[in-house]
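Q: Following this message is one structure expressed as structure tokens.
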Amino acid sequence: MNFESELVGTEKADVINRDRHSVSRKDIAPNALKVLYRLMNAGFHAYIVGGGVRDLLLGRKPKDFDIATNATPEDIKNLFRNARVIGRRFKIVHIKFGREIIEVTTFRANHARKHQVLDGSTRKQIKGLDSAHSESGMILRDNVYGNIDEDAMRRDFTVNALYYTTNGFRVLDFCSGLKDIESRQIRMIGNPAERYKEDPVRMLRAIRLSAKLGFSIERETEKPIDELSYLLDSISSARLFDETLKLMTGGHASKTFKLLQKFQLGSYLFAPTLEALKESDTSAANLVDLALKNTDERLANGKSVTPAFLFASLLWPVLKLTIAKSKNLGLPPRTSFQQAAKLALKEQLDYTAIPKRFTIAAQEIWELQDRLRIRTKRNIEKIFNHSRFRAAYDFLLLREQSGEELQDLGQWWTDFQIGDKNKRSELIAMVTKSQKHRKKRSKDIPSKGI
Ligand code: ATP
Ligand code: MG
């Protein structure tokens, strides 16, 4: 008897043999293979599932590999010393290999079933938790173990519910995911409105995947989004931060930002920015636009992006507007700037949590904008050694590109950085001369605000 057919549920799948799909073992991360083989050698069934299989079928490099198995978290922990059980909503096992994490989940079902027959061959009884729904239909707990076909049905989109096994090198397809990959569509498994109510973040995932893969969102999957967008209100700001990061650092931030607005989802993540943009000049909108393009370009070139820079950019229009509004309060510029910075960040925190290290860094990037104008020898040295100098300089260039009039300050700093000792002295002398001619202002106090 075939090992695969021992697993209850597999009989419901379309089996795609190795000669009919493009997934190859050599494209799978060695550590993911290691996990698969160790689970299988211990008598469990284990599959690569989700984005990994989807991306390999599309000829793309997967971001990560997720594994689904009939081993329980406890079984997995017993097999791997480097395993850690985590999960707020779901029990997930992370197996760590240096910086790489392989995520392993036990097959789950969507609905309450107390005693599960998890594995047809061993008839093992496992006590799962009830999956509970809130009044609005949202899943609160979802740790009910199930068979592989049930595991497929509780996933979000058909293209994310394909399972690859190294045992025979086959792909198992439970909900016509392959057809949707071929026709390049994001299609919800089951009733879309119900599935969004269970977990509203799926609306964001539909947008993210559509932007990332260049897929259209199938009509029935797309239809309820406008009307149900308000459900995002019930999602914790911490989870929304996680999703926002994925949306903005997936390499398609520009497109994603537009799609989010098209589907009325943007205001649940970026309300302060979108509101401020309505009252701002074009340079503010340009800056947001350029920052997102810049993020995509950096990622395409294998460079890193920091959430601090991203939020500093997205909230720049909010900061500028707040400063403008507080101008007639008569506060000293520095106080007014600091208050505005705090306020801009605080407004955003109502929507997405932002870890403190990022809000601090965003504030530093903003504060350095004014300090970059004061080019005395002493100040230059201090700024140059500031850990946030590079980000602040990049931000300055972005401001110039967006159309802010900064008297070639960006170019000055570019020349200064590439210049030799003589050139640097020359550049300092140049500004010292012109600064002497100007009305003397107190050194460290921001001159005109921003
Ligand atoms: P990426 O390429 O960004 O990693 P992904 O589809 O793999 O995309 P993950 O967040 O890594 O996304 O999730 C792995 C898999 O878990 C998904 O492919 C999907 O099958 C399932 N999944 C994730 N989030 C949800 C959700 N909110 N509802 C249902 N299934 C989900
Ligand atoms: Mg993934």
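Q: Add -39500 (n - 2.57) for each DSSP H run of 4 or more in the chain, then divide by its residues: what number comes out at 222 nm, to the nearest 500 deg cm²/dmol?
A: Computed ellipticity for the chain at 222 nm equals -14000 deg cm²/dmol.
Q: How do Leu321, Leu228, Leu329 rank by accessible surface area computed with a 1.4 Å probe, from largest to smallest?
A: Leu329, Leu321, Leu228
Q: Within 10 Å, at most 16 other Cβ atoms, and a DSSP state outside H, G, I, E, B define an exposed site. Report the longest part of the chain free of exposed GluC sites (Glu not before Pro).
A: 136-404
Q: Springs between alpha-carbon atoms under 10 Å, Gaussian network over the chain: tell me which of Asn328, Asn41, Asn110 tops the mean-square fluctuations.
A: Among Asn328, Asn41, Asn110, the largest mean-square fluctuation in the Gaussian network model of the chain belongs to Asn328.
Q: Please compute the length gained on full extension between Lys246 and Phe90, using 0.36 nm multiplied by the number of residues separating them and subtracting their Cα-Cα distance.
A: 54.3 nm
Q: Considering only protein heavy atoms, with the full assembly of protein chains and a 1.4 angstrom probe, order His21, His386 by accessible area, largest first.
A: His386, His21
Q: So, one more: Counting alpha carbon pairs within less than 8 Å and at least 6 residues apart, what relative contact order, in whole percent, applies to segment 282-430?
A: 27 percent
Q: Next question. Using +1 on the beta carbon of Lys and Arg, -1 on that of Asp and Glu, and nothing else charged, what's the dipole of segment 227-346 about the Cα centre, debye to 20?
A: Value, rounded to 20: 340 debye.
Q: Taking all protein chains as present, what is the carbon and sulfur share of the accessible area of segment 268-436, in % to the nearest whole number, probe 1.4 Å?
A: The nonpolar share, carbon plus sulfur, comes to 51 percent.
Q: For Met430, what accessible surface area do you get with a 1.4 Å probe? Give it in Å², rounded to 10.
A: Result for Met430: roughly 110 Å² accessible.
Q: Still on this structure: Among Tyr351, Gly9, Ala291, pick out the residue whose Cα is farthest towards the positive end of the charge dipole of the chain, where Lys and Arg carry +1 and Asp and Glu carry -1 on C-beta, about the Cα centre.
A: The residue sitting farthest along the positive end of the dipole is Ala291.
Q: While we're here: Given the options Pro192, Phe309, Phe241, identify the residue whose Cα lies farthest towards the positive end of the charge dipole of the chain (+1 on Cβ of Lys, Arg; -1 on Cβ of Asp, Glu).
A: With unit charges placed on the Cβ atoms, the residue in question is Phe309.
Q: Something else: Considering only Leu396, His45, Ile148, whose Cα is most displaced toward the positive end of the charge dipole of the chain, charges sitting on Cβ of Lys, Arg (+1) and Asp, Glu (-1)?
A: So the residue we want is Leu396.
Q: Work out the length of the dipole vector of the chain about its Cα centre, built from +1 on the beta-carbon of each Lys and Arg and -1 on the beta-carbon of each Asp and Glu, and round it to the nearest 20 debye.
A: 2240 debye
Q: Under the 0.36 nm per residue contour assumption, what length would be gained going from the current alpha-carbon distance of Asp14 and Ser236 to full extension?
A: Net length gain for the segment: 76.2 nm.
Q: Given a 1.4 angstrom probe, what's the average accessible area per residue across the chain, in square angstrom?
A: 49 Å²
Q: Past 28 Å, Cα to Cα: identify those pairs from Lys262/Lys346; Lys303/Lys327; Lys179/Lys293; Lys96/Lys246; Lys96/Lys356; Lys342/Lys421, in the order given.
A: Lys303/Lys327; Lys179/Lys293; Lys342/Lys421
Q: Under a 1.4 angstrom probe, counting protein chains only, how are Ile418, Ile148, Ile86 ranked by accessible area, largest first?
A: Ile418, Ile86, Ile148
Q: Let me check against my output: what whole-number percent is the relative contact order of the chain, with C-alpha pairs under 8 Å and at least 6 apart?
A: About 10 percent, as a whole number.
Q: Heads up, I need the accessible area for Asp420: 1.4 angstrom probe, whole protein in place, Å², nearest 10.
A: Looks like 90 Å² after rounding.
The values are calculated or read from the model by the stated rules, or taken from the named source; none is laboratory data. Since the structure is predicted, the reported quantities are computational estimates derived from the model, not experimental observations. No Cβ is skipped: glycine too gets one built from the backbone with ideal geometry, and neighbour counts run over all protein chains shown. Side chains are part of the model used for accessible areas, which takes the heavy atoms of the whole protein and leaves out ligands, DNA and RNA. Shrake-Rupley method; radii C 1.70, N 1.55, O 1.52, S 1.80 Å.
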